[in-house]
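Worksheet for the structure shown next.
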Amino acid sequence: MLSIKNLQAAVEGKQILNGLNFEVKPGEVHAIMGPNGSGKSTLASVLAGREEYEVSGGSVSFLGTDLLEMSPEDRARAGLFLAFQYPVEIPGVSNANFLKTAVNEIRKARGEEILDSKAFLKLMNEKMKLVEMDKAMTQRSVNEGFSGGEKKRNEIFQMAMLEPKLSILDETDSGLDIDALRIVSNGVNALRTPDRSFIVITHYQRLLDYIVPDFVHVLYKGRIVKSGTKDLALELEEKGYDWIKEEIAVGA
Amino acid sequence: MTTITTSAPSPSAFLQEAEMFAELYGKQQPAFLNLRREAIAAFTKLGIPTGKHEEWKYLNLSGITTAGYRTVSPTDTHALTAKEAEQYRLAGKKSVLVVVENGRLNSAASSMNDLPSGIKIGSLSDFLGQDSVQSHLFQHADFVNEALVAMNTMLCYEPVIILVEKNAKIELPVQLSFVAVPGAESLSIPARVLVVMGDQSECTVIESYHTHGDGAPTFTNAVSEIVVGKGARYFGTKVQAEADTSKNISYHKVNMARDSYQHLTTVTLGGLLVRNNLHIRLDDVNINSYLNGLYVLNGDQVVDNHTLVDHAMPNCYSNELYKGIIDGHATGVFNGKIWVRQDAQKTNAYQSNKNLLLSNEASMNTKPQLEIYADDVKCSHGATTGQLDDEALFYLRARGIGEETARALLNHAFAADVIEQVENEELRASLLQLLEKKLK
Amino acid sequence: MSEDLKILDEVTNSDYKWGFVSNIESDNAPKGLNEDIVRFISLKKSEPEWLLQWRLKAFRHWLTMTEPKWPNVSYPEIDFQDIIYYSAPKKKPTLNSLDELDPEIKATFDKLGISLIEQQRLAGVAVDAVIDSVSVKTTFRETLAELGIIFCSFSEAVHDHPELIKKYLGSVVPYTDNFYAALNSAVFSDGSFCYIPKGVRCPMELSTYFRINSAGTGQFERTLIVAEEGAQVSYLEGCTAPMRDENQLHAAVVEIVSHTDANVKYSTVQNWYPGDKNGKGGIYNFVTKRGICLGDRAKISWTQVETGSAITWKYPSVILKGDYSIGEFYSVAVTNNMQQADTGTKMIHLGKNTRSVIVSKGISCGRSQNSYRGLVKIGKNASYARNFSQCDSLLIGDKCGAHTFPYLEVANKTAKVEHEATTSKVGEDQIFYCNQRGISTEDAVNLIVNGYCKEVFNQLPMEFAVEAQKLLSISLEGSVG
């Protein structure tokens, strides 16, 4: 589904990703962990197509096409979803109106019929239950005045609505209390199917108790330096990152 | 920018005086004669602005032409002694006190014998022929379009010059004390200042206006040009403490080079008719500018604060806070413009004006303006005119404080907010004292 | 007698010189403006003598005035002698039903998307359509008449209700008010008149569609709305002009009188031809709109969505004379390409406990200039008056300008006036967020701008809000690269 080869990227002239290799197959859940500044959020931003990030080398193929050539909206329409670490507020635009526009744009791109208001409302009511969202929230402006937890729940709600093929959750767990974490995770798990994949970027092993990954990777200095199963996450939780840094130092 | 120039006929008395002085300048300051001549031509064309002029609509200047002012002459003698001048000191015993009596430097009354190294202060005659004076004096304040600047430029005799050397950090505050000494006839007093700060230098300059003794009303027309070099830091304070019969129109042009910083506070307590024009030009990148103002008015005072923060280049920051308390029959005016030119991307500019009206005969006219030609900017202004917060008043009274005291306390707190931001501690204390006196 | 006086005397006292007698059947007045033209218009409309005299007084006053130069707009000098001041549609319609409407005119309405039939059916909107100065059709008049509501063209009102016109004409906007109001008073051709009697609540939205049709004609309509004690009405005005190369002058006057406990809501959607990308052509829209809350607890609310015109110069205002009266102003002004707008409001508080709200949203794109100019004046006797103003500007592109010029004049110590203004651009992070959800940049800007204007759109009647959103999208076309 996603194949990243030797990816190099910089922001504001500073090199962040240094030849990153990474492969995601349909139905897999990959967790990416790593110390601060290792390049986790940069990876998410590059994949989603943020303009400030400059790709200086390597390739990314998504479902067989060159992802880096695509505009952000085309990536979304092709089935790539980013749950933002800091979802932006859009005053005056209701969540429902925003999502209706997005859903129909994506349906158009897939050659599906556009949903009328009734069908859209039905879909929305169904998906709202997934993240235990209050109906009132759909009438509020996108993320405006939402608490941290509400914003993250709204991201997962949007994911459920847009039915992406690959979802990247960028520190979706940060700032969540245990209840919110459970709701968000349940939402994600409900969306897991044999052909949908997830990349879960996180600092904390805690999230992985709820969203159990198939693979865990450690990102350090812009490269994946260690991969393993969910046990690797436990080990990191216990021992921190220093032992990995030492391992690399010895290896080099 | 188009401005409407609707003006009364040129007041010929001032022009006659200017012609008279021009001859004298021609002999003593030949280098500036042409500029003086241009100013005369400009003033002849502009005249004194009337209320039809958009920028002067809230201020009636007709008295300036009809009151029969005589402009102080270079031959007038000084009256003020050092001991008398001492009472106008605002920034502590050690500060440099420069007494400018009726527009001219009174060295005998000043205390500027032990100037710190890195700074030079004197009259234009002490600096004739110096490059930095030659290239800046009369060059920054716009006399072509500003009638009162033209009037000052053609009439001022001995501009006061302050030069701060490159990299010099002047710890002692410099106070220019403009003392009007009234006589039997009404006096028109042109006062002129040029401050040139070298790159990376730092200094504190206080410009204060006072009236010494009784007599016929005075009209001070002051212009200051302040040139802030690269990375330099300028801390300015203007204090208006003249008699309640005085008229005072001042124009400050601050020209800022890259990476520079300025913090200018204008405190207006005295004067009958006062206009404070401030034009801050952010002429290069990475500049920080702070403008604060306070006006506390009563009686028949009319005080008009006119500020223009002119963002010409990218990545600059400006912030402006003006507060007013208006009592009696007084009128306050705040006209603040933030101007962001097309090149000034990534500008952050903020402005706030807050007023308390204490009397039903008082009025406040506010005109905050944003004129923005660049898109990647964050600018805002806010303005309020109203009363003290009832909740706060009630809270104080519930704690046993009488209503009158409670009001006085809150008024003081409202105003002190501006003064608290003045950097120099002794100056701050003096200003708080003046404020307390005015609020009584 | 001096020469001037002699001329004046001659002009005012002599009989009408039938200079246009051969033209009296013509549908257009000749180009230019003089007293004869004013008489021609008045004669064309068979007006009573008092109205002709009022027009002439206005004309003579206009001659003494000069064009205002203070707005933040620039345009070539207008040659007031190069304008046709009266033009009527070829067929003078006396219609009993909409079916009799000139098919061409009907087609134009259809193009504008305001099919009269549709409007009738959908919303029960009564439409008074004004095409180049003459009202061609008024619908629903009979239904309204049963309630005592008068809704007709201005010309008809002059004949059928002269006492009302005499009483209120120029009572809110006197002909001496400003240059363009004086011009309008001299040459106004038609407009709408609306009268809601005491205690009547108008059961439907009243609407006028204005449209400038033939080339080189100025449109000078005049609207007068009077709401008697306790009356209520919501009035809609839509304006559209087809593409023209020449600049056309539009100088309308709207007067609203709201008596004790009356409530008048006036909504405008203006999308006159803005000129092409290079600023060629387009309408000059110089309008004077003012209402007065005469009685206690009266209310006047202006809502405007301004997307058209090459130059817009208008300040719908409210004089708050009655105690506890309320004035509101909600505005969205969009400028693109070379458009210029200088618009805002005046809230003049005279009565006690009067309240006003101003919400203005300016959006500038292309190389346009967009200014908010507003006055909040609290008179000496307006104790406990309150005003809140929020003026926001949004910039799209780096060649346009957004400006805010509020004037706050407060002369009462119990009054509270608050003004806030912000200027910003459409956030790149907002656009990216939308992109990431599959929404294109153009649609994202549309969505964000619509959200930004929501507070104002919420004030519009439903059908108008939908139209306003559509217009906004059209105006924003090509604003993002």
Would you mind finding the one in B:LEU97, B:LEU90 that is out of contact with any His (no Cβ under 9 Å at 6 or more places or on another chain), in a loop (DSSP other than H, G, I, E, B), buried (at least 20 other Cβ atoms within 10 Å of the Cβ) and in contact (Cβ under 8 Å) with a residue 60 or more places away in the chain?
B:LEU90
Somewhere in the range B:365-373, is a residue within 11 Å of chain C (Cβ to nearest Cβ) and more than 30 Å from B:VAL274 (Cβ to Cβ)?
yes
Among the listed residues A:GLY175, A:GLY149, A:GLY145, which satisfies the condition of being surrounded by fewer than 21 Cβ atoms within 10 Å (Cβ to Cβ), within 14 Å of another protein chain (Cβ to nearest Cβ) and farther than 23 Å from C:ASP443 by Cα?
A:GLY145
Anything in the range A:200-231 that is free of Cβ contacts under 8 Å to residues at least 60 places away in the same chain and hydroxyl-bearing (Ser, Thr, Tyr)? List them, or say none.
A:TYR204, A:TYR210, A:SER227, A:THR229
Out of all the residues in the range B:109-138, which are in contact (Cβ under 8 Å) with a residue 40 or more places away in the chain and closer than 16 Å to B:ALA191 by Cα?
B:ILE121, B:LEU124, B:SER125, B:LEU137, B:PHE138
A:VAL250 passes all but one of (1) open to solvent by 20 Å² or more (accessible area, probe 1.4 Å); (2) assigned to a helix (DSSP H, G or I); (3) in contact (Cβ under 8 Å) with a residue 12 or more places away in the chain; which number fails?
(3)
Does any residue of the range C:325-336 turn out to be within 16 Å of B:GLN369 (Cα to Cα) and either open to solvent by 10 Å² or more (accessible area, probe 1.4 Å) or in contact with a Ser or Thr (Cβ under 8 Å, 6 or more places away or on another chain) (or both)?
no
Candidate set: the range C:380-399, residues that are surrounded by 21 or more Cβ atoms within 10 Å (Cβ to Cβ) and not polar (S, T, N, Q); chosen: the one farthest from C:TYR324 (Cα to Cα):
C:ILE396
Take C:GLN459 and decide whether it is touching a strand residue (DSSP E or B) at 6+ places or on another chain (Cβ under 6 Å), under 21 Å from A:TYR86 (Cβ atoms) and either at pLDDT below 90 or not aromatic (Phe, Trp, Tyr) (or both).
no
Of the residues in the range C:424-452, how many are of a type in the set (A, V, I, L, M, F, W, C) and facing chain A (nearest Cβ under 7 Å)?
4
Count - residues of the range B:261-288 that are part of a loop (DSSP other than H, G, I, E, B) and among the charged types (D, E, K, R)
2
From the list C:ALA421, C:ALA402, C:ALA411, which one is among the aliphatic types (A, V, I, L, M) and either surrounded by fewer than 24 Cβ atoms within 10 Å (Cβ to Cβ) or facing chain A (nearest Cβ under 9 Å) (or both)?
C:ALA411
For the range A:152-170, does any single residue satisfy the condition of being in contact (Cβ under 8 Å) with a residue 60 or more places away in the chain, touching an Asp or Glu at 6+ places or on another chain (Cβ under 9 Å), of a type in the set (Val, Ile, Thr) and under 23 Å from A:VAL29 (Cα atoms)?
no
Has the range B:376-399 got at least one residue that is open to solvent by 30 Å² or more (accessible area, probe 1.4 Å), modelled with pLDDT under 95, at positive phi and not charged (D, E, K, R)?
no
Determine which member of the set B:VAL302, B:VAL309, B:VAL333 is under 16 Å from the mean Cα position of the chain (by Cα), open to solvent by 30 Å² or more (accessible area, probe 1.4 Å) and more than 9 Å from chain C (Cβ to nearest Cβ).
B:VAL302
Do any strands (runs of 3 or more DSSP E) lying entirely in the range A:37-133 carry at least 1 residues that are closer than 28 Å to A:HIS217 by Cβ, and which ones are they?
A:53-62, A:80-83
I'd like the residue in the range B:357-370 that is open to solvent by 10 Å² or more (accessible area, probe 1.4 Å) and under 24 Å from the mean Cα position of the chain (by Cα) and, out of all such residues, is farthest from C:THR422 (Cα to Cα).
B:SER363
Apart from one, (1) more than 24 Å from B:HIS263 (Cβ to Cβ); (2) in contact (Cβ under 8 Å) with a residue 24 or more places away in the chain; (3) in contact with a helix residue (DSSP H, G or I) (Cβ under 8 Å, 6 or more places away or on another chain); (4) among the charged types (D, E, K, R) all hold for B:ARG397; the odd one out is (2)
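The values are calculated or read from the model by the stated rules, or taken from the named source; none is laboratory data. None of these values were measured; they are calculated from a predicted model. All Cβ positions, glycine included, derive from the backbone under ideal geometry; neighbour counts span all protein chains shown. Areas reflect the complete protein model, heavy atoms only, side chains present, ligands, DNA and RNA absent. Shrake-Rupley method; radii C 1.70, N 1.55, O 1.52, S 1.80 Å.
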